[in-house]
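Encoded as structure tokens, the structure appears first; notes follow it.
The values are calculated or read from the model by the stated rules, or taken from the named source; none is laboratory data. Just so we're clear, the structure is a prediction, and the values are computed from it rather than from any experiment. With ideal geometry, Cβ positions are generated from the backbone for all residues, glycine too; neighbour counts draw on all protein chains shown. Quick note on the areas: whole protein, heavy atoms, side chains included, nothing else; ligands and nucleic acids left out. Shrake-Rupley method; radii C 1.70, N 1.55, O 1.52, S 1.80 Å.
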Amino acid sequence: MAGAETTVERLRQFLRELSPGARSLLIGELERSVLRGEEVAGADLVLQELRRILREQRDGAHSIDDSAQLLFKPLEPFLVDDRGDHKHPGRVARSSLEALSNWVRRDLLPNDANAMASDVSRAMLDGDQAKTERLARIFQDRVAAAIEANFAAVAEDGKIRRRILQQIGTPRAAEELAAFKCALKGRDVLASLSARLPLQIGNLADDQLDKCKALIEGAAARDGELFLYALLTVMNRMTAPWQLIGLGVKAAGSDTAACVAETHYGVAVKIVLAELERMVSELREDLRTGQGIAVGSLLKTIHDSARGLRTELALPVDSTWGRALAAQRTQISDLLRTEIESMPSRVQRLLRPRPSREIRPNSVLDPNEVAEVEALVEFVGTTPVRPIAAFGSPR
């Protein structure tokens, strides 16, 4: 689907332009539909984008200028809204973009970067979109070539490697620099793969599975370093990312974890486990702040992901992957149990009669505390008992 990326960009722009009230109504309607088990086309994608927008407004978006945004455009499918010390294979924390941009301008290609910023500003002021895109591609190619040259130097001299990583300064600078290079270098190959995928993949099975596998391997045949990024490109279109493991099962001809681990597609399991960990962290933060966004549907996605991973793959409990999944399930179970058990006392504290000395003219309840308790009550109301039990009992 050639217009898929454009469609997603238009969706993001549309959601950003909605009023806060309209966003809240949309979130509520979509979440209720998801929790009722109704099939709403694009619901997961819309909720994901709304969560990102509202988190940016709450936490503050990381700002980079126009030329940097153009430079990083090929990297967009591989960005993750997570801490800088994330464990996502092949992905870059959105919070790391500013550090990478500063490194390019200060240390990698300072002259080219300054010229690029000036030329892009003039082209944008002139409304020359074609020239803007042409300049961006030229600069992307130069940055990719310069990073590759640095990689060659790093392989021969550990001191150079340490200096470069210190200059970037992010917790996972080496992995993120590699992802940055591959996204730029493989820009056209990955874009071609993306254009041949549907906007959303609801069920990765049968012909769809074979087609995606062929596209991934075709991209990897052009450049072996692109295998991981082709895999992530496919995952980005999936409504249920845990289905990515089906590619490993297909390649191995077996659902046994050891067999899948021996194939290139073994990294798919690491990707799914990292995504599960990211969602659990997001849920924990939402519950901690009381400012969650569609928390009920997020919990459902986490539950479906953990269950899907267990059913898709035969994971021995004592294996590395089995222990990782068990740890995640224990965290989720403990998190839910703590929140649910804390609700009565928190509601009681909010509603308790106040001593006269605490009551002053025009005094009101703390609106933040009220919002937190409201969010908790709503969350508990959408949390069935069975998923909690399922999280707490390893396979």
In whole Å, largest first, the alpha carbons of the range 105-155 cover along the principal axes 43, 19, 8
Between residue 238 and residues 5 or more places away or on another chain, the pairs with built amide H atoms under 5 Å apart involve 201
Once Lys and Arg are counted +1 and Asp and Glu -1 for all other residues with Cβ under 11 Å from that of residue 184, the total becomes +3
Other residues with Cβ under 9 Å from the Cβ of residue 148 give, with Lys and Arg +1 and Asp and Glu -1, a net charge of +2
For the range 193-310, the per residue accessible area (1.4 Å probe, Å²) is 37 Å²
The farthest towards the positive end of the charge dipole of the range 15-165, of the residues 48, 27, 111, given +1 on Cβ of Lys and Arg and -1 on Cβ of Asp and Glu, is 111
For residue 131, the lysines lying under 29 Å Cα to Cα, once residues fewer than eight places off in the same chain are dropped, come out as 73, 181, 185
Of every hundred units of 1.4 Å-probe accessible area on the range 130-210, the number belonging to carbon and sulfur atoms, as a percent, is 48 percent
Burial-style ranking of 103-114, 118-129, average other-beta-carbon count within 10 Å with highest first, yields 103-114, 118-129
Note to self: with every protein chain in place and a 1.4 Å probe, the range 33-179 gives an accessible area per residue in Å² of 52 Å²
Rounded to 0.05, the calculated FRET efficiency for the beta carbons of residue 159 and residue 131 at R₀ = 41 Å is 0.50
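Would you tally the net charge around residue 40, using a Cβ to Cβ cut-off of less than 11 Å, leaving residue 40 out, and scoring K and R as +1, D and E as -1?
It works out to a net charge of -3.
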